Amino acid sequence: MPTPAPLLAGVLGVLLLAGCGGETEPDPGVQEDAGREAEQATSAAPEAATDGGNLLDVDIDIPEGKALDTLPVGSGALDIDAVALNGGVITADRDSFGEPALRFPAFSLDDEPPRAIVRVTQDASGGVLDVGEDTFTFGVDFALDAVSFGTTVDGGNNLIQRGLASGESQFKIDSDGSNVLCRVAGLDGILEARITADLEAGEWYRVRCVRRDESVELSLAPLSVVGSTVRVTEEGPLGALSFEEGVPLSLGGKLAANGAVIRSATDQFNGVLAQPFLTVGEER
């Protein structure tokens, strides 16, 4: 297994990024069912991050608080930028280790709230974002704002995802403040692993989701507060994941297949994200 490497530390390693997906593409604004709640198990301590599948470096060596419009990439295989609505911006911040991170727009009760999402696209199908039937792991470190959901437009926090619930395939991680959900939809079925936890605003957590054959394992570890890692596993048929060419991977909210922000049910992440990644072919 390769050695640990920071992702958002002067260099945002959007490792084989993957995502926290969401609603229907025409944005009906209907909340997704999370599936049955799985039995929870705990282990002693958070796992250390390890590197694997890091195919992209993104330079965010800019002053803290400065808005990010475009994100220079270190690979020709992927393109990364920030897409926004209603004046939403993503700014440079710091994670629990003092490394560069991404701050997303604050929650708003406006009918048209500010929204901003990181969009990751690849040039063609069969690229680094395609996981097929392989084992893959994806996740982020995150800290939620004190208020992070509560309207039809922003009914939760989509952390990382590729694909929408209306598509034939999807993988995503999201949170509504008291639950963390990993959803993986393949050609043969859908698995949803959920952890119920009262997440403390402003505190850092590490979330990981692993697809292995016909199972999905979700883990949640506190980083800035004392606590144990919680794991949930769901088993059942999944099959291969298949995406149409051009379907983006997103950080911080929902994007349509054409890369546009879904307006009526964006599920904008409100808080700070760090160390997003996707590894394929090995676990992290």
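Within segment 206-220, which residues have the backbone N less than 19 Å from the label spot 7 Å out from D188 along Cα→beta-carbon, could you tell me?
Under cut-off, by backbone N: 210-217.
Show me the ranking of peptides 135-142, 228-235 by mean Cβ neighbours inside 10 Å, starting with the highest.
On the way: 135-142: 26.0, 228-235: 18.0.
The most tightly packed comes first, giving 135-142, 228-235.
Net charge within 9 Å of L159 by Cβ-Cβ distance, Lys/Arg positive one each and Asp/Glu negative one each, not counting L159 itself?
Details: positive: K172; negative: D174.
For residues surrounding L159, the net value is 0.
Which whole-number value in Å² is the accessible area per residue of segment 239-284, probe 1.4 Å? Walk me through the numbers on the way to the answer.
Working: 1170 Å² over 46 residues.
Value for segment 239-284: 25 Å² per residue.
Hey, any idea what the orientation-averaged projected area of the convex hull of segment 104-175's Cα atoms comes to, in nm²?
Details: hull surface 25.1 nm².
Result: 6.3 nm².
Taking the Cβ-Cβ separation of S166 and E283 as r and a Förster radius of 35 Å, what is the calculated FRET efficiency to the nearest 0.05? Walk me through the numbers on the way to the answer.
Values: r = 29 Å, r/R0 = 0.83.
Between S166 and E283 the formula returns 0.75.
How much of the accessible area of segment 170-211, in percent, comes from carbon and sulfur atoms when a 1.4 Å probe is used? It would help to have the intermediate numbers written out before the result.
Values: 480 of 1200 Å².
Carbon and sulfur together cover 40 percent of it.
With Cβ to Cβ distances under 14 Å as the rule, what net charge do the other residues near F97 carry (K, R +1; D, E -1)? Show your work: numbers first, answer last.
On the way: positive: R94, R206; negative: D93, D95, E99, D141, E203.
For residues surrounding F97, the net value is -3.
Which shape class, rounded, prolate or oblate, goes with segment 207-246 when its Cα gyration tensor gives a ≥ b ≥ c as root eigenvalues, a/c under 1.5 marks rounded, and past that a/b bigger than b/c marks prolate? Before the final figure, lay out each step's value.
Numbers: a/c = 6.07, a/b = 1.89, b/c = 3.22.
Oblate, since a/c reaches 1.5 and b/c is not below a/b.
When the chain is fully extended, how far beyond the present Cα-Cα distance does D123 get from D111, taking 0.36 nm per residue of separation?
On the way: separation 12, 0.36 × 12 = 4.32 nm, distance 3.48 nm.
Gain on extension, D123 to D111, equals 0.8 nm.
Around S125, under 12 Å between beta carbons, what's the net of Lys plus Arg minus Asp minus Glu among the other residues?
Numbers: positive: none; negative: D123, D130, E244, E245.
It works out to a net charge of -4.
The values are calculated or read from the model by the stated rules, or taken from the named source; none is laboratory data. What you see is a predicted model; the values in this text were computed from it and never measured. Please note: Cβ atoms are built from the backbone with ideal geometry, for glycine as well, and neighbour counts cover all protein chains shown. Surface accessibility is based on the protein's heavy atoms, side chains included, excluding ligands, DNA and RNA. Shrake-Rupley method; radii C 1.70, N 1.55, O 1.52, S 1.80 Å.
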